[in-house]
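Heads up, the thing below is written out as structure tokens.
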Ligand SMILES: [Zn+2]
């Protein structure tokens with residue numbers, strides 16, 4: 001049995017069979033790009049699987065080393081990944097800048113940090129394990145854009161070519177020249193590895209004059225002032241001062257670009273994961289430092305209390321009551337997890353749970369009320385005989 005097969009067998013002990021089968025098919029048959037930064041929600045939808053079970057499955061599979069979990073800070077404008085982290089602990093910067101959108105954002109866990117899963121090299125090697133060897137078009141698809149952008153499946157290459165006029169690979173320390181005819185459009189010279197951008201607002205009478213532009217790429221996330229230029233010949237000298245390969249690309253910020261980046265889909269946010277029961281069970285409080293300044297703009301708390309538990313202990317005796325209380329915790333656990341919530345604390349007979357949205361908390365509260373009452377009744381009936 002291969003290492004991958006034995007890992008999937010182990011996964012069956014904690015994850016529903018239909019989820020394990022879907023993972024096994026994915027790892028066996030999917031093209032490389034589909035195994036890089038997987039959007040757990042899109043995967044669940046495409047396979048017709050339950051979302052919560054699928055998220056739990058990805059987490060258990062990551063614990064076993066089938067997938068690697070990544071926390072990616074996103075630009076809310078273009079959906080690009082500004083920073084990828086193997087732990088939420090390293091998401092530290094108070095402000096990230098997207099050169100493409102020319103805006104500084106402070107990371108919040110609500111919508112700005114996504115969690116994705118990439119197949120581990122132990123299980124299958126894919127191109128994205130060496131991102132600096134991916135062709136530019138695949139670097140954009142697999143490494144630059146976040147999992148919330150619903151990139152076209154069938155004609156991605158054609159659509160990409162519609163707005164990218166020129167792209168080249170520039171090894172560390174190298175220089176190159178891009179000679180081109182500037183169209184009368186809003187043009188962006190963008191470099192996705194170092195996140196550098198130069199905007200060119202091209203309009204007016206076409207000219208034959210040859211213009212020169214020098215762009216330097218390093219780790220400074222630089223964004224220079226927009227240049228106003230007339231249509232016509234332009235010579236762009238690009239210099240790579242970074243320690244990795246860069247991919248200077250000349251794009252037209254027109255209809256085609258906005259259309260591709262405008263198609264969005266739901267993705268697994270850090271907030272939702274921190275409120276997930278399986279996540280909390282596996283990783284405990286390991287993921288966040290107290291002094292980390294990450295903001296959550298909304299989170300719903302639910303507190304429960306077992307009414308009359310003191311009388312219950314007196315009436316049925318300690319052992320039987322303890323059994324009943326345990327049953328009540330198990331029921332609460334199931335319901336909270338099914339509504340995308342997590343129990344973060346138990347205080348005596350009470351629990352404190354968090355949910356990503358209020359509707360989920362209300363649904364859980366209502367189900368807890370009815371389920372607890374009925375299971376307590378039947379458990380009490382059993383214990384009293
Ligand atoms: Zn952006």
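Miscellaneous remarks
- Summed over qualifying helices (DSSP H, 4 residues or more, each -39500 (n - 2.57)) and divided by its residue number, the chain shows a 222 nm mean residue ellipticity of -10500 deg cm²/dmol.
- One compactness figure for segment 239-280 is 2.01, namely its Cα radius of gyration divided by 2.2 N^0.38 Å.
- Helix 358-384 vs. the chain, principal-axis angle (Cα, 0 to 90°, nearest 10): 30
- Mean separation of Cα contacts under 8 Å, 6 or more apart, over the residue count of segment 161-262: relative contact order %: 43
- Over segment 299-384, volume per residue of the alpha carbon convex hull, in Å³: 75
- Multiplying the residue separation of residue 227 and residue 9 by 0.36 nm and subtracting their alpha-carbon distance yields 72.6 nm.
- Neighbour counts of other Cβ atoms within 10 Å put 218, 53 in the fewest-to-most order 218, 53.
- Pairwise FRET efficiency - residue 265 versus residue 338, Cβ, R0 = 35 Å, nearest 0.05: 0.95
- Between residue 205 and residue 155, full extension at 0.36 nm per residue minus the direct alpha carbon distance yields a gain of 14.5 nm.
- With Cα atoms defining each centre, segment 303-370 and segment 69-110 are spaced 36 Å apart in the structure.
- On the principal axes of its alpha carbon atoms, segment 1-110 extends 50, 27, 25 Å, with the longest extent given first.
- A protection proxy built from the mean count of other Cβ atoms within 10 Å ranks the segments 138-147, 79-88, 170-179, most packed first, as 138-147, 79-88, 170-179.
- Counting only alpha carbon atoms, the long axis of helix 51-64 and the longest principal axis of the chain meet at about 80°.
- The per residue volume of the convex hull around the alpha-carbon atoms of segment 161-262 is 92 Å³.
- Only beta bridges with both residues in the chain are counted; by DSSP, about 80 percent of them are antiparallel.
- Relative exposure of 162, 153, judged by other C-beta atoms within 10 Å (fewest first): 153, 162
- Tilt relative to the chain, helix 17-29 - C-alpha long axis, 0 to 90 degrees, to 10: 20
- FRET efficiency, residue 220 to residue 28 (Cβ-Cβ, R0 30 Å, nearest 0.05): 0.10
- On full extension, the segment bounded by residue 305 and residue 47 gains 89.1 nm, given 0.36 nm per residue less the C-alpha separation.
- Arranged from fewest to most other beta-carbon atoms within 10 Å of their beta carbon, 347, 236, 282 become 347, 282, 236.
- Translational diffusion of the chain, estimated by Stokes-Einstein from the Kirkwood radius over alpha carbon pairs at 4 °C in a medium of 1.567 mPa s, is 55 µm² per second.
- Each part gets one Cα centre, and for segment 183-220 versus segment 244-285 those centres are 26 Å apart.
- With a Förster radius of 35 Å applied to the C-beta separation of residue 16 and residue 83, the computed FRET efficiency comes to 0.60.
Each reported figure results from applying straightforward, stated rules to the coordinates on display, with no laboratory input. What you see is a predicted model; the values in this text were computed from it and never measured. As a convention, Cβ positions derive from the backbone with ideal geometry for all residues, glycine included, and neighbour counts pool all protein chains shown.
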